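Reading through the structure tokens given below for one structure.
The values are calculated or read from the model by the stated rules, or taken from the named source; none is laboratory data. Everything quoted here is computed from the prediction, not taken from an experiment. Cβ coordinates were reconstructed from backbone atoms using ideal geometry, including for glycine residues, and neighbour counts include every protein chain displayed. For accessibility, only protein heavy atoms count, side chains too; no ligands or nucleic acids. Shrake-Rupley method; radii C 1.70, N 1.55, O 1.52, S 1.80 Å.
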Amino acid sequence: MDEGLRERKKRETRQRIADMAMGLFMMRGFEQVTVAEVARAADVSVNTVFNYFGTKEDLFLDRREEVEELQSNVVRERRRGESVVAAFRRDFLEAVEERDWRYGLNEGSDVFGRIVGESPSLMARFRELEHEQTQRLAMTLAEESDADPDDLTPRLVAAQIMETTRLLSRHAIARRLAGESWAEILPLLRTQAERAFDLLESGISDYCVRM
């Protein structure tokens, strides 16, 4: 169905507010920016901001719904004969080469990480987001493997995969924050990722292979 004029304007307004907010956050930090300042920058009222975003933290996480589905999409889109671990290995290494945002490896991810690290409220919200990502991945794995409701395997596999990719991403971001260039980080990150997924493969490589 084609997007109507009203829907398009609402989408554009929401995106403008989010873009202005992120620009201010990146320049000054999350805690130093008020919702009123975001509203002025986007040329809307404070009430309008809250019509689109329930909290100030939601302004920072405007792509939350998309982020929550990223891992489930890796599972759903895995290739024939490809295990879940193999699909995540391929997806993560592709993101490394492309400097893609889906694993926090894009340009500016170090600034993004520093802002989150400086804000207790954002850190709490990110913990919630990480929990939700793991839960959604576990649900998708359970659906794809037709697991019994009492089977803990989907949750165990989801937790292992999510913690592996988060650890790799956080390590790369920490090295960027320490002043290293991406060219310095990339070779070791590839090696570390391959080793991490090798370890996962040795334990859960035959889980949920697509037939």
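Can you work out which of the residues in the range 77-104 that are open to solvent by 40 Å² or more (accessible area, probe 1.4 Å) and not charged (D, E, K, R) is farthest from Glu201 (Cα to Cα)?
Looking at the filtered set, the residue picked out is Trp101.
Against the definition (over 18 Å from the mean Cα position of the chain (by Cα), over 22 Å from Val96 (Cβ atoms) and either of a type in the set (Gly, Ala, Ser) or open to solvent by less than 50 Å² (accessible area, probe 1.4 Å) (or both)), how does Pro154 come out, yes or no?
Considered against the rule, which asks whether it is over 18 Å from the mean Cα position of the chain (by Cα), over 22 Å from Val96 (Cβ atoms) and either of a type in the set (Gly, Ala, Ser) or open to solvent by less than 50 Å² (accessible area, probe 1.4 Å) (or both), Pro154 comes out as yes.
Take Arg63 and decide whether it is open to solvent by 30 Å² or more (accessible area, probe 1.4 Å) and touching a residue at least 60 places away in the same chain (Cβ under 8 Å). Outline the logic, then answer.
Details: open to solvent by 30 Å² or more (accessible area, probe 1.4 Å): yes; touching a residue at least 60 places away in the same chain (Cβ under 8 Å): no.
Spelling it out, it is not the case that Arg63 is open to solvent by 30 Å² or more (accessible area, probe 1.4 Å) and touching a residue at least 60 places away in the same chain (Cβ under 8 Å).
Of everything in the range 109-125, what is open to solvent by 20 Å² or more (accessible area, probe 1.4 Å) and either aromatic (Phe, Trp, Tyr) or outside any helix (DSSP H, G or I) (or both)? Give them in sequence order.
Hits for the range 109-125 are Phe112, Glu118.
Out of the residues in the range 13-53 meeting the condition of being more than 17 Å from Arg64 (Cα to Cα) and of a type in the set (Asp, Glu), tell me which one is least open to solvent (accessible area, probe 1.4 Å).
Glu37
This table checks each residue for (1) more than 21 Å from Asp19 (Cα to Cα); (2) among the acidic types (Asp, Glu); (3) modelled with pLDDT of 95 or more.
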position: Leu61; (1), (2), (3): no, no, no
position: Glu69; (1), (2), (3): yes, yes, no
position: Val75; (1), (2), (3): yes, no, yes
position: Glu82; (1), (2), (3): yes, yes, no
position: Phe88; (1), (2), (3): yes, no, yes
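Output the number of residues of the range 43-78 satisfying the condition of being part of a loop (DSSP other than H, G, I, E, B) and touching a Lys or Arg at 6+ places or on another chain (Cβ under 7 Å).
2
Being under 30 Å from Met27 (Cβ atoms), open to solvent by 80 Å² or more (accessible area, probe 1.4 Å) and among the charged types (D, E, K, R) is the requirement here; does Glu128 meet it?
Working: under 30 Å from Met27 (Cβ atoms): yes; open to solvent by 80 Å² or more (accessible area, probe 1.4 Å): yes; among the charged types (D, E, K, R): yes.
Yes.
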